[in-house]
Amino acid sequence: MEKIQQENFSTEVIWKDLDNGIKDEYGVIYSIDGKKLLKSTNKDLESYKIKKDCEIICDGAFKEHSSLKVIEIPNSIIRIGWRAVFFSCTELISINVDEDNGYYSSIDGVLFDKKQDYLIHYPAGKKDVIYKIPNGVTKIVAYSFMKCTNLTTIIIPRGVTTIGRGAFMQCTSLTSITIPNSVSKIYHYVFIGCTSLTSINVDEGNKFYSSIDGVLFCNIYKNLNQNELICYPAGKKDVTYNIPDGVTIIGERAFALNTNLINITIPKSVSNSVTGIGYQAFRDCTSLTSITIQEGVKNIGDGAFWGCTGLTDIVIPNSVTEISIDTFKGCTSLTNITIPTYTTVVDLHGDRKYLKISDIEDCTGLTNITIPATTILDLHKGNIKKYSNDVLLSNKKDVLLSNKKQDTIDYYFCYLLIITIYLIFKTCF
């Protein structure tokens, strides 16, 4: 019975549902029993009243409906999918919920749960430039303000404890924000794409988070002597930034999309963390030309410098023992890379122990890479034309390997050749 109930209340859409669904006169598809709104196929829809007796609005139901302005939710709705139901509905100005609905409510066109503890969705097309979240709200749900490009100020009241993943993502007009002392959990990517954001401020009484010069830090790991830099605002105008000593984690996409920074210094304190430099920490910092990684740093995360098109040279200290995949992807101005001795190149799951040529094939300016004998080069999965003392990439640049490295490659292929001959011989005889 429990399994059946879970299936009945699922917001996931499968192709079988769509194939058997019933399309109404507006191009909106419902399940055959009318209980689920599966998907709208009419992206020119400007307003829509969901049918009575419908109980579930499925994931992505109105995704990318750029003409939709008003949606009416009846009292029968008991569940609304959290995955992109109104994603990129950039003209949506009002979500109206029937007052008799027992699960959801709306205030001035903004969607909440019935108790108004959770702010679920702020329509991206609303023209207000300032919004004060109502008192009583405790959680700002994931992606709830995504692409609200008109808002310059969002006031978060005391009482809010959780800010969901990507909550303010791509709020391109947002200039500053203050985190109250009640907030105890901020998920990843909250301010990604907030290109006008110059300052993130935190109330001094907050036990979990702090800000220094408008940069957001997490102090939740105090007992572990770990402090995380969560977000450097994309709109800050400084061209140089020295990450404070004591920071041990540079969070996922912490500096992403900041186009003003030219120079960054990473302190050796980052060496005290297993995470170190996080996933895509400096993604698309296109003005970044120089980055100093101090001796002591051990780990560089997946895609850490992805899209740093201005980066010309990087010195990786000998203390670095792990570089994840795609670290230099799209670094088109990078001319030289030296991989330190005893460094392994792995993916997020730790099951890849080689440097894959496709990880650096987008570095169209790369002329020289030095790889120690301790790192295995994968010649099978990259776009390789030849291999010898010089390895020619698809971008026609010569990549020079150390002699010790070439010995490792020769040994690797000889070993495979011997095993292959042995297996053929054993099969035939």
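The values are calculated or read from the model by the stated rules, or taken from the named source; none is laboratory data. In this text, all values refer to a predicted model and were calculated from it rather than measured experimentally. Here Cβ is always computed from backbone atoms with ideal geometry, including for glycine, and neighbour counts include all displayed protein chains. Surface accessibility is based on the protein's heavy atoms, side chains included, excluding ligands, DNA and RNA. Shrake-Rupley method; radii C 1.70, N 1.55, O 1.52, S 1.80 Å.
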Nearest-10 value in Å² for the accessible area of Ser10, using the 1.4 Å probe: 30
Which of His188, His121, His65 is most accessible, then next, and so on - probe 1.4 Å: His188, His121, His65
The range 180-269: GluC sites (Glu not before Pro) in DSSP coil with no more than 10 other Cβ atoms inside 10 Å: Glu204
Highest-first arrangement of 19-29, 89-99, where packing means the average Cβ count within 10 Å: 89-99, 19-29
Separation between Cα centres of the range 243-315 and the range 6-44, rounded to whole Å: 45
About the Cα centre, charge dipole magnitude for the range 9-105 (Lys/Arg +1, Asp/Glu -1 at Cβ), debye: 220
Which of Trp306, Trp15 is most accessible, then next, and so on - probe 1.4 Å: Trp15, Trp306
Pairs from Lys36/Lys114; Lys63/Lys127; Lys126/Lys207; Lys43/Lys329; Lys39/Lys147 whose Cα-Cα separation, in the structure shown, is over 25 Å: Lys126/Lys207; Lys43/Lys329
Area accessible to solvent at Thr240, 1.4 Å probe radius, in Å²: 70
Overall form of the range 186-341 per C-alpha gyration tensor (a/c, 1.5; a/b vs b/c): oblate
Rounded accessible area of Phe86 (nearest 10 Å², 1.4 Å probe): 10
The range 1-111: C-alpha gyration tensor shape, a/c 1.5 cut-off, then a/b vs b/c: oblate
Spin-label model distance (nm) - Trp15 vs Lys207, 7 Å beyond Cα toward Cβ: 5.2
Sequence of Arg165, Arg283 from largest to smallest accessible area, 1.4 Å probe: Arg165, Arg283
Anisotropy class of the range 274-324 from Cα gyration tensor, a/c 1.5 cut: oblate
